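Data block below; observations after.
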Amino acid sequence: MRLPNCLIFLFVLAFGPAGAQQARLDSLVNLEKTYRTADTTRAKLLTDLARRFYSIDPAQGLEYADKAIQLTEKLGDKKLLAGAYSAKGTNKMGLADYAPALDYYQRALVLNEQTGNKQGVANNYNNIGLVYQYIFDYPKALGFYQKTLAINEQTGNTTGITNALGNIANIQNELRDYPKAIEYYERAKAYSERTGNLQSLSGILVNLGNVYTQLADYPKALEYKQQALEISEKSGNKARIANNLSNIGNVYSQLADYPRALEYQQKALEINESIQDKSGIAANWAGIGKVYLYQKQYAAAAAFSSKARELAGSIGSLKTESEALQNLSLIYENTGRYDSAFAAFRQYILLRDSISNVEVQKEITKKTLQFEFSKTEDSLRQQQLITDAKLNEQILLATKRQQELILKQNALDLANKERALQRLAFLKTQADLQYENNVKAEQLARAENERKLQATQVNLQQAQLDLKDRELQTQKTQRFFFIAGLFLLALLSFFIFRNYKNQQKSNRIIQVEKQKSDDLLLNILPKEVADELKENGEAGARQYDNVTVLFTDFVDFTRVSETLSPQQLVGELHECFKAFDEIIERHGLEKIKTIGDAYMAVSGLPLPDKQHARQAARAAIDILEFIRRRQMHYPDGFQIRIGLSSGPVVAGIVGVKKFAYDIWGDTVNTASRMESGSEPGKINISGSTYLLLKNVFHCVYRGKIPAKNKGEVDMYFLGEVQEGLEH
C-alpha cells in the first residue's frame, strides 16, 4: 500500500515490532479473561485492549470499549470513563464512522475538563481535529490543533507538541499556504530530532520534500527526501523505503536527470515486487514509462505505460491509470499514431471525469457529515463560544484561503478541461487527415501506374510503326541504290556526314540545356530529392524524427520599408537573404522558403545529422552577427528575431505547377512561436532544443511564456559557446 504524506496521528499507537505486539496483545486478552472482579485495574486493561485493537480489528476494539464504559460508569471514575469514551471514538474512526467518533471524543472532553486532566483535554482536542480533517473541514481542524499545541506547550509534552505541529503543517499544506507549512514542519522536525523519534522525523522529512516539490525547489526537495530514505533504511521498513525511492526518482525526473530517475524507480520496483505491493508496482511502471518518454525512447515508454495502465485498472488505482493513459497518448502522438493517441486521450478524459465524480461524492459526504456534526455540537455550543480571538482570526483566514483555493482550482480545472478538449479535437483531426492522406496516396499511386501502362502501350505501338517504316525505307533505299549506282552512294555518304555533324551540334545544345534544367531544379529542391524526382518521376513525402527548424523575421519591417523606395527595399532583402543562403549552406542546412521578410531553413534533412541542433545554432549565431555588422554601416537597417525548435517533421513536394519543397509538423509551428516570442537581436529556443544544446552553449531560461495556440511553454535565449565544450 502507498504510505500517506502525513504524520502518524496521536491515537495511532505504536507498541513495537509486529510479533512482539501480537504476543503482548494475546497475553492481555488472556489476562482479561481471568478477571472476576470489577475494579479500576480491569477498567484500565479493557481500555488498553480497546486502543490496541484499533489498528487490528476496530469492531473487536468497540466490544472492549463498551465493556470499559459499563465498568467505569459503575465505578464512578470520570477520568477512566473519559479514557474509555476516547478509545471508543478511536475505534469508530477506524471504521470511518465519523459522527459517533466525534460524539465520544466530545464526551471524553467534558469529563477531562471537569477533572482538570490537561493532557486528556489536549488529546481530545487533537482527535476532534482529526475528525474534521478527515471530512475536509480544514478551518475547524486547524482550530482544534492550535488548542492541542497550546496545552502541550504548557505541560511540556514534547511528543504531543511534535504531533500538533505536524498536524497544523498538514492543514497549511492542504490549504497551499506553503511558507506556513514549512514553518510548522521545521518546528516539528526540531522536536523529533531532540527526542530521537525517527518514525515521526521520517514522515516530517517526506512532507517537507513534498512542499518543496510543489514550490519547484527540487534540490531542496531532494535533500529532505534523501534524509527520509536514510531513516527508512535504518528501520528496515520496506514499504517506506520503496515509497521514498519512488519519490526521489520523481524529483530527478523534474531535474531532467533521467539516468538517476530510472535507477531510483527500478530500485523501488524491485522492493514493491518483493512485498507484492500492486499499487506501488503500477506507480513505478508509470514512473519508468514517463522517464523513457522524456528521453524519446518510445518503444520502452509504451511497454511500461501499458503494463501500468493494465495493473492499475485491475486494482482500481484511478490516479496511476490516468497517468499511464496520459503517457500513452503522448507516445502515440510523438510517433505519428494519431488514431491511437486520440483513443488513449479520450479514455484519459473519461477516467478524469470519473475521478471528478468521486470528488463530488466526497464533497456531498462532507456536507452530510458536517450537518450531522452540527446537531451533535449543539450540546457543547456554550463551551465552544469561549474561544481565543486570535484563533478565530486564524480560522477565518484559513477559511478565506480555502475558498480562494477552491475558486482557483475550479478555474484551473476548467482551463485544463478546455485544453484537453482542444487536444482531443487536434488528435482526431490528425487521425482523420492521416487516413485521408493514405487513401489519396493509394489513389495517386494507382493513377500513376495506369498512366505509365498507357504510355508503355503507346511507345510499343510507335516502335512497331517505326519498324515498319524503316523496313519500307530500307526497301526503297535498296532499289534506289541498285538503280542509281555509285552516284547515289556518294550522294548518300555526303548526307550522312552532314547529318552526323548536325547531330553532334544538337547533342551539345541539348547537353547545355539539360545542365541548365538540372541547375534550376537543384536551386528549388535538395539534391537527393531532385535525383529521386528525375529517376522515378516523383518524390514521396518522408518523416524525419530529429531535425532543428530555424525561423527569422525582421523587426518593424513595415515601418522600415516605408522609408525605402521599392528598389531599395528589394535590394536590401536580396543582400540579406543572399548572405543567409551562404551561411546555411556553409553549416549544412537546407533552405525551405522565404515568406515576405521571413526566412525558414532546417538542419538534419534530407540527410540525417546527429549534430543538427548545433549546426542550426551556429547558423543562427552567424546570421545574427551578419545583421549586427550590417547595422554598423546602416544604423536604420533591419533588426532581426530568430527562433529554433527541434523534433520530428514531415518533408515533401506540394503542388504540380511551380511545385515547392516544404516541411510540416508541430516542430515547425513551435519554431515559428519561438521566433515570434523572441526579442530583437536575440535567438529564442524551445525546451527540446535546449536539451540538445545545454552542454555546449550558454542558455538563459526565460520561464514559461505564453505562445499562440500552445499555452505556456519553456523558452530560453541562446548565448555563446561554452568554453572548452565545443568540438
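So which residues in the stretch 657-687 are within 25 Å of PHE638 (Cβ to Cβ), crowded, with 17+ Cβ neighbours inside 10 Å and small (Gly, Ala, Ser), if there are any at all?
Once the filter is applied, which keeps residues that are within 25 Å of PHE638 (Cβ to Cβ), crowded, with 17+ Cβ neighbours inside 10 Å and small (Gly, Ala, Ser), the stretch 657-687 yields ALA671, SER672, GLY677, SER678, SER686.
If you scan the stretch 259-291, which residues turn out to be closer than 30 Å to SER646 by Cβ and free of Cβ contacts under 8 Å to residues at least 24 places away in the same chain?
The answer is PRO259, ARG260, GLU263, TYR264, GLN266.
Could you say which residue among LEU397, LEU414, LEU427, LEU391 is surrounded by 12 or more Cβ atoms within 10 Å (Cβ to Cβ), under 23 Å from the mean Cα position of the chain (by Cα) and either over 26 Å from GLU174 (Cβ atoms) or modelled with pLDDT under 70 (or both)?
LEU427
Of the residues in the stretch 224-261, how many are over 16 Å from the mean Cα position of the chain (by Cα) and either loosely packed, with under 15 Cβ neighbours inside 10 Å or in a helix (DSSP H, G or I) (or both)?
The total comes to 25.
Can VAL121 be described as at pLDDT 90 or above, closer than 30 Å to LEU175 by Cα and either among the hydrophobic types (A, V, I, L, M, F, W, C) or touching a His at 6+ places or on another chain (Cβ under 7 Å) (or both)?
Yes.
Anything in the stretch 212-223 that is surrounded by fewer than 24 Cβ atoms within 10 Å (Cβ to Cβ) and part of a helix (DSSP H, G or I)? List them, or say none.
If the condition is that a residue be surrounded by fewer than 24 Cβ atoms within 10 Å (Cβ to Cβ) and part of a helix (DSSP H, G or I), then TYR212, THR213, GLN214, TYR218, PRO219, LYS220, LEU222, GLU223 are the ones that fit.
Looking only at the stretch 540-578, count every residue that is in contact with a Pro (Cβ under 8 Å, 6 or more places away or on another chain) and farther than 23 Å from THR667 by Cβ and tell me the total.
1
Can you tell me which residue is farthest from LYS682 (Cα to Cα) among those in the stretch 696-726 that are modelled with pLDDT under 90, charged (D, E, K, R) and touching a strand residue (DSSP E or B) at 6+ places or on another chain (Cβ under 9 Å)?
That would be GLU726.
Looking at VAL602, VAL650, which one is among the aliphatic types (A, V, I, L, M), modelled with pLDDT of 90 or more and crowded, with 21+ Cβ neighbours inside 10 Å?
Criteria check complete, one pass: VAL602.
Filter the stretch 63-79 down to the residues that are over 13 Å from ALA50 (Cα atoms) and in contact (Cβ under 8 Å) with a residue 24 or more places away in the chain, then identify the one that is surrounded by the most Cβ atoms within 10 Å (Cβ to Cβ).
Among residues in the stretch 63-79 that are over 13 Å from ALA50 (Cα atoms) and in contact (Cβ under 8 Å) with a residue 24 or more places away in the chain, the one surrounded by the most Cβ atoms within 10 Å (Cβ to Cβ) is THR72.
Residues to consider are LEU71, LEU31, LEU25, LEU80; find the one that is hydrophobic (A, V, I, L, M, F, W, C), modelled with pLDDT of 90 or more and part of a helix (DSSP H, G or I).
LEU80
Let me spell it out: the conditions are (1) buried (at least 19 other Cβ atoms within 10 Å of the Cβ); (2) at pLDDT 90 or above; (3) small (Gly, Ala, Ser), and SER200 meets all of them except one. Which number is the exception?
(2)
The values are calculated or read from the model by the stated rules, or taken from the named source; none is laboratory data. Bear in mind the structure is a predicted one, so any value in this text is a computation, not a measurement. Because the Cβ atoms are built from the backbone with ideal geometry, glycine has one as well, and the counts that use them run over all protein chains shown.
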